[in-house]
Structures are given as structure tokens and as C-alpha cells.
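Asks: Below you'll find the structure I mean.
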Amino acid sequence: MTRKVSAQQVLDMPRDQAWEKLRDISLAHNYVPGIIKTEIVSSQREGVGASRYVYRNANSYIQETVEEWHEGEGFLIRLHRGDKPAPPFKQGWFRYQLDEQGTQQTLLTTSLKYELPW
């Protein structure tokens, strides 16, 4: 059974400014709690196919690869470790979505869609 959890946060900046920060997938450690380091592991740095390792500590990481890219709005990443799913998931994806919230604010919606092996 696939499950989904989401959270929303209003950002005090216009959407284009929020997108300029979000589109740099090498910065996840600056805004994802528990992540200490981000490393780009693909030749491309953005768009479909861009991939990164996100580290929880010096030895523990998961790989995240962009599967959808919506310029100015957000992206969908698949959580994995090489050809295998990222523990503890059977499958897992994370979506970042930006929507205008007035002229000087942006609504950030983050969603985790996942399936557990049991």
C-alpha cells in the first residue's frame, strides 16, 4: 500500500526567488533536518536525471535522483541506493512544490510518497 505525508510552509519571498534556492539540489543539507552533507553524483546538476547523495552522518547516505522537473515550480525525486530502494522503503519519492501565496510569499509543499516492504 502506497502512503503519502505532506507538510506546508509559507516562505517570505516571491516564488522566483524561492525557486532559485530550491533548484540547486546540492544545498539539501541547508534545509533538510538531519542531513549533514549533500554531494552531486551525476554529470548534470539539475533537471531529470540529476542525482545526489544526502548524508545523515559520515557513513550513512541515500541517493536521490530527479524523476520530474517543473521549471519554476518544483521537482520529484526518487529515494534509492544504486539500483535498490532506500531503506526502509520498498519505494519512495519526495516532491518539492512551490506555489504563489500573494505577491511576496510562496507556499512550499513537501510530500513523501512511499511504500514499505511489509
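Asks: List pairs: first in segment 87-113 and more than 20 Å from S51 (Cα to Cα), second among the aromatic types (F, W, Y) and open to solvent by less than 40 Å² (accessible area, probe 1.4 Å), Cβ under 7 Å, 6+ apart or cross-chain?
Replies: L98/W19
Asks: In segment 1-16, what count of residues is obtained for those that are open to solvent by less than 90 Å² (accessible area, probe 1.4 Å), touching a Ser or Thr at 6+ places or on another chain (Cβ under 8 Å) and either modelled with pLDDT under 95 or not in a loop (DSSP other than H, G, I, E, B) (or both)?
Replies: Qualifying residue count, segment 1-16: 6.
Asks: Go through segment 61-82 and report how many residues are in a loop (DSSP other than H, G, I, E, B) and open to solvent by 30 Å² or more (accessible area, probe 1.4 Å).
Replies: Within segment 61-82, residues that are in a loop (DSSP other than H, G, I, E, B) and open to solvent by 30 Å² or more (accessible area, probe 1.4 Å) number 3.
Asks: If we scan segment 78-89, do we find a residue that is under 12 Å from the mean Cα position of the chain (by Cα) and either more than 22 Å from Q8 (Cα to Cα) or modelled with pLDDT of 95 or more (or both)?
Replies: Looking only at segment 78-89, we keep the residues that are under 12 Å from the mean Cα position of the chain (by Cα), and these are 78-79.
Applying the additional criterion that residues be either more than 22 Å from Q8 (Cα to Cα) or modelled with pLDDT of 95 or more (or both) yields 78-79.
Within segment 78-89 (the criterion being under 12 Å from the mean Cα position of the chain (by Cα) and either more than 22 Å from Q8 (Cα to Cα) or modelled with pLDDT of 95 or more (or both)), the answer is yes, since at least one residue qualifies.
Asks: Same structure again: For segment 25-52, which positions are in a loop (DSSP other than H, G, I, E, B), touching a residue at least 12 places away in the same chain (Cβ under 8 Å), of a type outside the set (D, E) and surrounded by 12 or more Cβ atoms within 10 Å (Cβ to Cβ)?
Replies: V32, I35, I36, V41, S42, R45, G47, V48, G49, A50, listed by residue number.
Asks: Also, I was wondering about something else. Scan segment 11-20 and give yes if some residue there is within 21 Å of P117 (Cβ to Cβ) and not hydrophobic (A, V, I, L, M, F, W, C), otherwise no. Can you show your working first?
Replies: Keep residues of segment 11-20 that are within 21 Å of P117 (Cβ to Cβ), which gives none.
No, every residue in segment 11-20 fails to be within 21 Å of P117 (Cβ to Cβ) and not hydrophobic (A, V, I, L, M, F, W, C).
Asks: Let me ask something else. Restricting to segment 89-118, count the residues that are open to solvent by less than 70 Å² (accessible area, probe 1.4 Å), assigned to a loop (DSSP other than H, G, I, E, B) and over 29 Å from A18 (Cα atoms).
Replies: Residues flagged as open to solvent by less than 70 Å² (accessible area, probe 1.4 Å), assigned to a loop (DSSP other than H, G, I, E, B) and over 29 Å from A18 (Cα atoms) within segment 89-118 amount to 2.
The values are calculated or read from the model by the stated rules, or taken from the named source; none is laboratory data. As the structure is a computational prediction, the values presented were derived from the model and not from experiment. Virtual Cβ from ideal backbone geometry, glycine too; neighbours counted across all protein chains shown. Heavy atoms of the whole protein, side chains included, go into the accessibility calculation; ligands, DNA and RNA do not. Shrake-Rupley method; radii C 1.70, N 1.55, O 1.52, S 1.80 Å.
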